[in-house]
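For reference, the structure discussed in these notes is given below.
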Amino acid sequence: MKIGTIIKEIRLQKLMTQQELCVLIDMAQPQLSAVENSSKLRASTIKKIAKALNVEPLELGKYNGTNTED
């Protein structure tokens, strides 16, 4: 499963809109939409989103580290 899909699923489980998450992470909505459709993200982006969703970065990823770039 792509990391962006996992981010979207967790966001929806927390009943959070894209706009609400955008405010928390200081990101434009079109950029967050691109993130949620991505399979590669920077570690700094993963950490920022994980903090806003109140989860551990590795929980967000559920991957072996190969789909991030920094």
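The values are calculated or read from the model by the stated rules, or taken from the named source; none is laboratory data. What you are looking at is a predicted structure, and each value in this text was computed from that prediction instead of being measured. Only protein heavy atoms, including side chains, enter the accessible area calculation; ligands, DNA and RNA are left aside. Shrake-Rupley method; radii C 1.70, N 1.55, O 1.52, S 1.80 Å.
A 1.4 Å probe over all protein chains sorts V23, V35 by accessible area into V23, V35, starting with the largest. The slack in the chain from E20 to N54, taken as 0.36 nm per residue of separation less the alpha-carbon distance, amounts to 10.9 nm. Per-residue ellipticity at 222 nm computed for the chain from its helices equals -17000 deg cm²/dmol, with DSSP H segments shorter than 4 residues left out and the rest contributing -39,500 (n - 2.57). These residues, T45, T17, T5, go from largest to smallest accessible area, 1.4 Å probe, as T17, T5, T45.
Within the chain, all pairs of alpha-carbon atoms sorted by distance into 10 Å bins from zero give the percentages 22, 64, 14. Over the chain, accessible surface divided per residue gives 63 Å², non-protein components excluded, 1.4 Å probe.
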